[in-house]
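Peer 1: Supplied in structure tokens, the structure appears directly below.
The values are calculated or read from the model by the stated rules, or taken from the named source; none is laboratory data. What you see is a predicted model, and the numbers here were worked out from it, not measured in a lab. Here the Cβ positions follow ideal geometry from the backbone for every residue, glycine too, while neighbour counts run over all protein chains shown.
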Amino acid sequence: MEYKDYYQTLGVPKTATEEEIKKAYRKLVRKYHPDVSKEADAQHKTQELNEAYGVLGDAEKRAAYDELGRGHQYRAGQEFRPPPDWGRGFGNGNGGGFGGDAMGSDFFADLFANLGGGRRRQAPRRGEDSHASISIDLADSYHGATRTIGLTVAERDAQDRILTRERNLSVNIPKGVTAGQQLRLSGQGQPGAAGPGDLYLEIQFRPNARYRIDGRDVYETVPVAPWELALGGEIDVDTPSGKVTVTVPAGSQSGRKLRLRGRGIPGKTAGDLYLLLEVVLPPATTDKARELYRTMARELAFNPRAGG
């Protein structure tokens with residue numbers, strides 16, 4: 001089998017702290033999440049990241065992995081076989097020095113097989129916590145929603161081998177969640193002798209050219225006609241919380257910002273909604289439209305670059 005450099009996978013040095021490893025993992029998982037990544041191998045890359053973090057994110061497993069490489073200069077992709085007595089002193093008596101949170105590669109499976117008996121027996125341990133991300137629409141944060149996600153999970157078969165399978169999980173998205181917030185799903189993590197761990201889902205918003213989100217504040221681009229800016233008046237705007245009627249002050253310019261207090265993402269202290277007015281010119285595709293533009297050019301004598 002080929003050796004896997006888990007530090008290289010996460011892009012961290014072997015001296016990285018626990019927090020640095022966690023930060024690197026979360027950043028890469030967000031980048032390659034299949035819901036948002038345009039990379040062709042996003043799913044495979046995510047599995048590799050989960051496997052690497054499943055080892056380096058746990059102190060005991062990392063110690064065993066580092067012990068394996070001590071005194072050797074293994075490189076990623078190099079042909080590799082662990083020594084027969086490797087892993088002595090790590091893990092528990094059931095052969096589970098490396099838990100089920102790795103994604104079941106041949107490399108991991110062979111390492112797991114070499115963590116056999118002959119070591120001290122420890123009390124049964126709870127399964128590892130899992131980390132993933134979920135992409136939602138902005139409207140889901142305003143109203144709450146139920147979404148289904150697919151997860152790749154690791155399990156032991158009757159021969160104590162690590163296998164993977166896909167499963168779907170229904171997730172309740174509470175009203176008022178924000179980007180970066182983590183939802184804890186109790187008992188949905190990796191299996192363990194003392195019960196499963198938890199699953200932590202990090203909230204991400206799907207990209208939407210119409211909205212920009214800053215904490216609980218939301219910025220919405222609103223197209224307006226030139227006369228709506230020049231003359232002012234009421235316009236109807238579709239917002240994440242529903243349709244509202246707002247007044248555009250006469251003489252407004254494109255880029256003007258209208259603030260609607262408390263219309264941002266809901267919460268104990270709700271955010272604000274900012275409407276960014278953006279002028280859209282009528283197309284000059286008919287004779288009448290072109291003549292109107294010529295009339296404006298003659299009679300208004302307007303030079304937008306004058307006095308700049």
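Peer 1: Scan LYS31, LYS27 and give me the residue that is at pLDDT 85 or above and either under 16 Å from GLU128 (Cα atoms) or assigned to a helix (DSSP H, G or I) (or both).
Peer 2: LYS27
Peer 1: Collect the residues in segment 275-308 that are assigned to a helix (DSSP H, G or I) and charged (D, E, K, R), keeping them in residue-number order.
Peer 2: ASP287, LYS288, ARG290, GLU291, ARG294, ARG298, GLU299
Peer 1: Looking at segment 233-248, which of the residues that are exposed (fewer than 11 other Cβ atoms within 10 Å of the Cβ) and not acidic (Asp, Glu) is nearest to the chain's Cα centre (by Cα)?
Peer 2: The residue in question is GLY242.
Peer 1: Does TYR200 meet the test of being in a strand (DSSP E or B), surrounded by 13 or more Cβ atoms within 10 Å (Cβ to Cβ) and not assigned by TED's automatic domain parsing to the domain that holds LYS22? If you could, list the steps in order and put the result at the bottom.
Peer 2: Numbers: in a strand (DSSP E or B): yes; surrounded by 13 or more Cβ atoms within 10 Å (Cβ to Cβ): yes; not assigned by TED's automatic domain parsing to the domain that holds LYS22: no.
Judged against the criteria, TYR200 is not a match.
Peer 1: Within segment 12-46, take every residue that is of a type outside the set (A, V, I, L, M) and crowded, with 18+ Cβ neighbours inside 10 Å and give me the one that is farthest from the chain's Cα centre (by Cα).
Peer 2: LYS45
Peer 1: So, of the residues in segment 258-282 that are free of Cβ contacts under 8 Å to residues at least 24 places away in the same chain and surrounded by fewer than 17 Cβ atoms within 10 Å (Cβ to Cβ), which turns out to be farthest from MET296 (Cα to Cα)?
Peer 2: It comes out as LYS268.
Peer 1: Could you list, in sequence order, the residues of segment 203-224 that are in contact (Cβ under 8 Å) with a residue 60 or more places away in the chain and in a strand (DSSP E or B)?
Peer 2: Hits for segment 203-224 are ILE203, GLN204, PHE205, TYR211, ILE213, VAL218.
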